[in-house]
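The structure under discussion appears below in the form of structure tokens.
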Amino acid sequence: MALHELGTAVRWFREHTDPAALGLPSTRARRVRGLRREELAELAGVSADYLRRLEQGRRRPSPGVVNALARALNLKRADYERLCALAGYAADDGHVPADTGPGALRLLERFGDTPAFLTDAAWNVVAVNTAWLALQAGTPAAHPRDWNVAWRTFCNALGGISRTDDRAAGFRAVLAARLRDTALRHPADPALAGLVDDLRTRSRSFDTLWRTPETVAGYENQAVFRHPDGTDITLDGNLLHVPGDDLMAVVLAAAPDSADAARLGEVVRAGGPPGVVRVGQAGPG
């Protein structure tokens, strides 16, 4: 299945690469979109037949071929890491991307009156919208990892957020599973390794999840947010992947036409005009 997904990804990137960006004839003179298979094969230094079989899921490329394809396609870092993961390899330098591109910030802005925040692949919060800040679900303390969702959940929980036992277990499983996936893709990142080591040392539940990982197909959770005025707001959480920057967006919404939705609207309006605030720090450490 992984090789089939790898082949599909390579073909998608080939068909969505602008030839002109690589110094090749414009797409106007072409019958097919993107690069021809022969063109990509030549740029990557492989045969067209090998590339055809790879796209069909019949070949597992070496790390060198994956790197050559990524260079030939001029892939972004996150896309290159995706190819490496599908091929079963670690990316070359293995560091968690720390940049927050303008597209990701615009996505956060569009949620407006819906609480949302962005995290990197190691669960470090990098930006929040003012709707999230309006919830006032606890303030960061003095620990340098207070903007890391996994750290907050396993080692220094926010007092203003609660879940049922089942939902809390599911949330922890998602955090550990995605952090494990990130560690596999970024094995050379010392800050990430330090975060995992500290989590395993400080939290028995995290260590158990790390040693016996669960398969997590998707993320949808629910939590109760206790506002400082004493009212509770029940919100459903969803996780969206921002592929270009290898970021995740956590979006919180109340049930339509519910008392929670009405109360959320009041809280958000009292929090001021919509906006985005960069927070946290540049990396897992």
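The values are calculated or read from the model by the stated rules, or taken from the named source; none is laboratory data. Computed from a predicted structure; not experimentally measured. Note: ideal-geometry Cβ built from the backbone for every residue, glycine included; neighbour counts use all protein chains shown.
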message: Of the conditions (1) crowded, with 16+ Cβ neighbours inside 10 Å; (2) at pLDDT 95 or above, residue 258 satisfies every one except a single condition; which number is it?
response: (1)
task: Return the only residue of 222, 281 being at pLDDT below 95, in a strand (DSSP E or B) and surrounded by fewer than 18 Cβ atoms within 10 Å (Cβ to Cβ).
output: 222
message: If I filter the stretch 149-158 for residues that are surrounded by fewer than 18 Cβ atoms within 10 Å (Cβ to Cβ) and either farther than 21 Å from residue 200 by Cα or modelled with pLDDT of 90 or more (or both), do I get at least one hit?
response: yes
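Restricting attention to the stretch 37-59, which residues are among the hydrophobic types (A, V, I, L, M, F, W, C) and over 11 Å from residue 69 (Cα atoms)? Don't jump to the end; show me each part of the working.
Filtering the stretch 37-59 down to residues among the hydrophobic types (A, V, I, L, M, F, W, C) leaves 40-41, 43-44, 46, 48, 51, 54.
Correct list: 48, 54.
Please indicate, with yes or no, whether at least one residue in the stretch 167-175 is farther than 30 Å from residue 268 by Cβ, without any contact (Cβ under 8 Å) to a residue 40 or more places away in the chain and not in a strand (DSSP E or B).
Scanning the stretch 167-175 turns up no residue that is farther than 30 Å from residue 268 by Cβ, without any contact (Cβ under 8 Å) to a residue 40 or more places away in the chain and not in a strand (DSSP E or B).
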query: Just for helices (runs of 4 or more DSSP H) wholly inside the stretch 75-166: which have at least 2 residues that are of a type in the set (Asp, Glu) and over 19 Å from residue 267 (Cβ atoms)?
result: 77-87
- request: Six or more apart or on different chains, Cβ under 8 Å: which pairs go from a residue in the stretch 179-205 that's in a helix (DSSP H, G or I) to one that's of a type in the set (S, T, N, Q)? Could you list them?
  value: 192/182; 195/148
query: Here are some residues: 127, 122, 176. Which one is at pLDDT 90 or above, touching a Lys or Arg at 6+ places or on another chain (Cβ under 7 Å) and of a type in the set (Gly, Ala, Ser)?
result: 127
